[in-house]
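The values are calculated or read from the model by the stated rules, or taken from the named source; none is laboratory data. Everything numeric in this text was worked out from a predicted model, so none of it was measured. Methodologically, a virtual Cβ is constructed for each residue, glycine included, from the backbone with ideal geometry; neighbour enumeration extends over all protein chains shown. When the accessible area is computed, the model is the full protein with side chains, heavy atoms only, and any ligands, DNA or RNA have been set aside. Shrake-Rupley method; radii C 1.70, N 1.55, O 1.52, S 1.80 Å.
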Amino acid sequence: MPADDRNLAHRAAALLARRTGMSLGVRLSINKSVPVAAGLAGGSADAAATLLACSVLWELDLDHEELLPLAAELGSDVPFALLGGTAVGSGRGEAVAPALARGSYHWVLAFADGGLSTPAVYRRYDELGPTPPEPFEVSAGLMNALRSGDARRLGPELINDLQAPALDLMPSLRKLVALAEEYQALGVVVSGSGPTVAFLVESEADAVDLTVALSGSGLCRSARYVTGPVQGARVLGV
């Protein structure tokens, strides 16, 4: 993880200082839980946390809504990481609106052994030659599933257009999917351009069973059980 201006957290602090005329500095310490280059927007989460932390530290009195334009400048995923919850993104992803959703969901994340280049995944998408999708609209099925809080209804609605090229470039991911299906995963989706694969399951017990199976399979570097939705950036202590 770079510690210079290639790091999104570094860029977030610098951007906020420039826009507000702040002359004070800050020392940033990041404890990474999300693996680097996992397709899980870990860097974007770091940037969102930095915007909020520096705003509080520098006593700028800026709320989340006022920080959103700066978050959008830093990257398409940063506004969502700032707000959290369940949301619908439009534009290039930076325009985020809360979605009506109920309940909590159990997920197992499989961290692949290796990486995928995002440009390479996009190139492979073009090479596979799919019909370009119409401007995206969230399906009624997806929104109804979220409103119901029913994981069984949500699973079949999980879609990522980049999943096919990601699986094509890293065939080992198909074996992960096949194993998860043996353990009755309700849905599967590659996160972003990969290589992390997220599996939706019905219960904590199912999640633990699948995590153990994936971890011992030798098909991925590691697996982790998580729940969502979760809050966005927040201050834990000052």
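Points to keep in mind about this one:
- Of all residues making up region 59-77, the number that are open to solvent by less than 40 Å² (accessible area, probe 1.4 Å) and either part of a helix (DSSP H, G or I) or without any contact (Cβ under 8 Å) to a residue 40 or more places away in the chain (or both): 7
- Pair list, Cβ < 8 Å and 6+ apart or interchain, from region 78-96 residues that are more than 18 Å from LEU51 (Cα to Cα) and part of a loop (DSSP other than H, G, I, E, B) to residues that are open to solvent by 60 Å² or more (accessible area, probe 1.4 Å) and among the charged types (D, E, K, R): GLY93/ASP77
- Matching residues in region 17-58 - criterion: being part of a loop (DSSP other than H, G, I, E, B), under 18 Å from the mean Cα position of the chain (by Cα) and small (Gly, Ala, Ser): SER33, ALA37, ALA38, GLY39, ALA41
- Some residue of region 70-83 being in contact with a strand residue (DSSP E or B) (Cβ under 9 Å, 6 or more places away or on another chain) and among the β-branched types (Val, Ile, Thr): no
- Residue in region 150-192 that is least open to solvent (accessible area, probe 1.4 Å), counting only those that are of a type in the set (Val, Ile, Thr) and not in a helix (DSSP H, G or I): VAL190
- Residue match in region 203-210 (condition: without any contact (Cβ under 8 Å) to a residue 60 or more places away in the chain and charged (D, E, K, R)): yes
- Every residue from region 193-238 that is among the basic types (Lys, Arg) and either in a strand (DSSP E or B) or open to solvent by less than 20 Å² (accessible area, probe 1.4 Å) (or both): ARG224
- The lone exception for LEU116 - which of (1) under 20 Å from the mean Cα position of the chain (by Cα); (2) in a loop (DSSP other than H, G, I, E, B); (3) surrounded by fewer than 16 Cβ atoms within 10 Å (Cβ to Cβ) it fails: (3)
- Qualifying residue in region 113-120 (condition: over 30 Å from ASP206 (Cα atoms) and among the small types (Gly, Ala, Ser)): yes
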